[in-house]
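Accompanying notes for the structure given below.
The values are calculated or read from the model by the stated rules, or taken from the named source; none is laboratory data. All values derive from a computational prediction rather than experimental measurement. So basically every Cβ, Gly included, is an ideal-geometry build from the backbone, and we count neighbours across all protein chains shown. Heavy atoms of the whole protein, side chains included, go into the accessibility calculation; ligands, DNA and RNA do not. Shrake-Rupley method; radii C 1.70, N 1.55, O 1.52, S 1.80 Å.
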Amino acid sequence: MDENGENRKLQLQELKEIRNDAYENARIYKEKTKAFHDKMISRKEIKVGQKVLLNHSRLWLFSAKLRSHWIRPFVVINVFPHGAVEIQSLATSKVFKVNGHRLKTFYEGLQEENVAGLDLEDPTYSD
């Protein structure tokens with residue numbers, strides 16, 4: 001009986017070691033996955049005076065497939081630490097704070113000299 005008891009204790013000890021190795025491997029895997037994910041995230045740099053668009057989160061509650069979720073351009077007045085941004089509406093001049101994740105940069109339209117014209121008439125068709 002003593003020999004069987006010793007074998008059982010050794011098996012339990014091996015099982016604990018295997019479980020600890022599995023926990024360690026899972027921790028290492030999670031750290032590597034998080035590091036890879038964080039490396040692939042592109043950071044937004046929002047500066048004072050820059051024009052931005054605001055994500056209108058209430059549209060997600062209703063069926064608005066063809067509607068843009070980004071509303072009018074705003075001007076950045078102040079950038080606070082930890083992602084808060086103070087913006088001002090160009091139309092109403094209201095000032096309010098929003099989370100920086102709800103903003104994206106606003107790009108002005110293309111300049112007319114950079115746009116190429118295209119004639120859509122069919123040259124083979126005649127009246």
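What is the residue count in segment 73-107 for residues that are under 14 Å from His56 (Cα atoms), not in a strand (DSSP E or B) and not charged (D, E, K, R)? Total satisfying the criteria: 2. For segment 2-10, does any single residue satisfy the condition of being closer than 30 Å to Gly100 by Cα and open to solvent by 100 Å² or more (accessible area, probe 1.4 Å)? No, every residue in segment 2-10 fails to be closer than 30 Å to Gly100 by Cα and open to solvent by 100 Å² or more (accessible area, probe 1.4 Å). Within segment 15-61, the set of residues being assigned to a loop (DSSP other than H, G, I, E, B) and either surrounded by 10 or more Cβ atoms within 10 Å (Cβ to Cβ) or of a type in the set (Asp, Glu) (or both) comprises Lys44, Glu45, Ile46, Val48, Gln50, His56. Checking each residue in segment 70-100 for being closer than 15 Å to Glu45 by Cα and without any contact (Cβ under 8 Å) to a residue 24 or more places away in the chain picks out Phe80, Pro81, His82, Gly83, Ala84, Glu86, Asn99.
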